[in-house]
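Visitor: After the structure tokens below, expect a handful of questions from me.
The values are calculated or read from the model by the stated rules, or taken from the named source; none is laboratory data. A quick note: this is a predicted structure, and the numbers were derived from the prediction, not measured. Here the Cβ positions follow ideal geometry from the backbone for every residue, glycine too, while neighbour counts run over all protein chains shown.
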Amino acid sequence: MATQKVYVAKDVLLDYCTKIFCAAGMEPEDAVVVADNLVFADLRGMDSHGVMRVPAYTKRLRDGGTLPKSDIEIVRQSPTTAVVDGHNGMGQVVSKFCMELAIDKADKAGVAFVAARGSNHFGMASYFSQMALKHDMIGMVCTSPAAHLLAPTGGIDPILDNNPFSFAIPAGEQFPVVLDMATSVVSRGKIASAKKRGDRIPWDWAMTIDGEPTDDPDLAFDGILLPVGGYKGYGLTVISGVMAAMLSNAALLSRDICDFYTDTDRPQNIGHLFGAIKIDCFCDVPDFKARMDEMVLEIKGSRKAKGVEEIILPGERGYKNYRRNSAEGVPLNETVFNDMNAVAVSYGMEPLKLA
């Protein structure tokens with residue numbers, strides 16, 4: 001049976017999650033980065049990457065798979081590139097450092113890429129790509145395996161991951177265009193979210209571990225995710241993984257991949273690649289944004305299929321969700337809310353009570 005939703009003010013949720021991560025041993029300035037990343041996902045309607053991850057993150061901290069204090073090191077760099085070793089720190093903390101470094105280098109040189117290793121699961125990819133927008137830059141990010149989730153086309157051994165990537169492109173009066181996608185039909189987090197709600201899942205989301213179709217979220221969670229677009233999604237996951245892990249020497253081969261949920265006492269050595277493009281090195285920013293607006297409006301104004309009320313651009317729904325949820329409160333599945341409170345209580349905190 002599906003569970004109910006509760007609503008929490010975003011500032012209250014951010015403060016509470018920050019305190020949980022501080023109780024788990026993180027420094028306050030790092031804890032707020034992780035908490036902000038999770039609350040950001042829930043605000044945008046991506047509950048699969050929101051505070052439902054609090055139990056999993058804190059379990060990794062407790063079991064030693066992820067270190068609570070991030071000792072970030074730049075091990076190689078040029079005016080337009082860098083390689084960063086996160087030394088097994090929290091993925092969000094490592095990633096924020098890397099994206100800020102990419103933006104700083106791009107501001108001086110026009111384009112920059114920063115590769116990371118020694119990181120961990122970093123939450124919602126577009127949290128980082130969108131950091132470039134306020135600098136009138138295009139942001140991009142991709143990440144390498146955090147679990148064995150996908151099989152190559154024609155196979156049933158889950159030796160790959162769904163290696164998400166994101167692009168964020170500024171516009172003028174219209175919403176920025178933000179693509180944030182895994183290379184599977186849905187992320188594993190979506191299946192975990194369905195489990196929390198007590199829902200069945202669509203048949204085209206996953207297979208069992210033996211390669212059989214399923215609508216059971218429990219079998220799917222322990223099974224094999226299906227790639228978006230068939231062999232094309234398989235190709236995308238290979239390329240995204242290579243870009244994120246090969247340049248930084250992070251884990252990519254199946255033997256080196258640690259599962260985020262089950263291998264909680266082992267470092268993941270996840271790799272990321274962050275990029276920033278300074279628009280005014282290519283064209284005038286106002287002209288770029290005006291042309292983006294024109295493109296967006298042309299797409300939205302094109303003829304709609306029967307039954308379709310509105311054509312939306314990548315990221316548009318997330319921006320609308322963010323506005324609504326910021327005003328009305330962050331919607332959380334009741335089970336997720338209770339699980340978060342259980343983690344807090346385990347650290348000696350008082351449970352969060354709703355007004």
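Visitor: Of all residues in the range 62-79 being part of a loop (DSSP other than H, G, I, E, B) and crowded, with 17+ Cβ neighbours inside 10 Å, which is modelled with the lowest pLDDT?
Guide: Checking each candidate, the answer is 70.
Visitor: A further question follows. Within the range 90-129, can you find the residues that are surrounded by fewer than 24 Cβ atoms within 10 Å (Cβ to Cβ), part of a loop (DSSP other than H, G, I, E, B) and small (Gly, Ala, Ser)?
Guide: 110
Visitor: For the range 63-111, name all the residues that are aliphatic (A, V, I, L, M), in contact with a strand residue (DSSP E or B) (Cβ under 7 Å, 6 or more places away or on another chain) and under 17 Å from residue 36 (Cα atoms).
Guide: Listed by number, the residues that qualify are 94, 99.
Visitor: Could you tell me whether the range 195-211 includes any residue that is of a type in the set (Asp, Glu) and in contact with a strand residue (DSSP E or B) (Cβ under 6 Å, 6 or more places away or on another chain)?
Guide: no
Visitor: Filter the range 265-276 down to residues that are in a strand (DSSP E or B) and within 15 Å of residue 72 (Cβ to Cβ), then give me how many there are.
Guide: Summing the residues that are in a strand (DSSP E or B) and within 15 Å of residue 72 (Cβ to Cβ) in the range 265-276 gives 4.
Visitor: A follow-up question, please. Residues of the range 314-336 being aliphatic (A, V, I, L, M) and without any contact (Cβ under 8 Å) to a residue 40 or more places away in the chain, which ones? So that I can check it myself, show each step before the final result.
Guide: Within the range 314-336, the subset aliphatic (A, V, I, L, M) is 327, 330, 332, 336.
The answer is 327, and nothing else.
Visitor: Within the range 130-150, restricting attention to residues that are in a loop (DSSP other than H, G, I, E, B) and in contact with a Leu (Cβ under 7 Å, 6 or more places away or on another chain), which residue is surrounded by the most Cβ atoms within 10 Å (Cβ to Cβ)?
Guide: Filtering the range 130-150 for residues in a loop (DSSP other than H, G, I, E, B) gives 136, 144-149.
Narrowing further to those that are in contact with a Leu (Cβ under 7 Å, 6 or more places away or on another chain): 144-145, 149.
Values: 144: 29, 145: 31, 149: 29.
In this case the residue turns out to be 145.
Visitor: Quick one: residue 83 ticks every box in (1) touching a Lys or Arg at 6+ places or on another chain (Cβ under 7 Å); (2) not in a strand (DSSP E or B) bar one, so which box is it?
Guide: Here residue 83 clears every test but (2).
Visitor: Would you confirm whether or not the range 262-274 contains a residue that is more than 19 Å from the chain's Cα centre (by Cα) and small (Gly, Ala, Ser)?
Guide: No, the conditions are met nowhere in the range 262-274.
Visitor: Could you list, in sequence order, all residues of the range 34-60 that are surrounded by fewer than 18 Cβ atoms within 10 Å (Cβ to Cβ) and either of a type outside the set (Gly, Ala, Ser) or in the same structural domain as residue 124 (by TED's automatic domain parsing) (or both)?
Guide: The answer is 55, 59.
Visitor: Only one residue in 210, 204 is assigned to a loop (DSSP other than H, G, I, E, B), surrounded by fewer than 16 Cβ atoms within 10 Å (Cβ to Cβ) and in contact with a Pro (Cβ under 9 Å, 6 or more places away or on another chain), so which one is that?
Guide: Going through 210, 204 in turn, just one is assigned to a loop (DSSP other than H, G, I, E, B), surrounded by fewer than 16 Cβ atoms within 10 Å (Cβ to Cβ) and in contact with a Pro (Cβ under 9 Å, 6 or more places away or on another chain): 204.
Visitor: Is it the case that residue 236 is assigned to a helix (DSSP H, G or I) and hydrophobic (A, V, I, L, M, F, W, C)?
Guide: yes
Visitor: Quick check on the range 277-330: of everything there that is part of a loop (DSSP other than H, G, I, E, B) and of a type in the set (Gly, Ala, Ser), which residue is surrounded by the most Cβ atoms within 10 Å (Cβ to Cβ)?
Guide: Among those that are part of a loop (DSSP other than H, G, I, E, B) and of a type in the set (Gly, Ala, Ser), it is 315.
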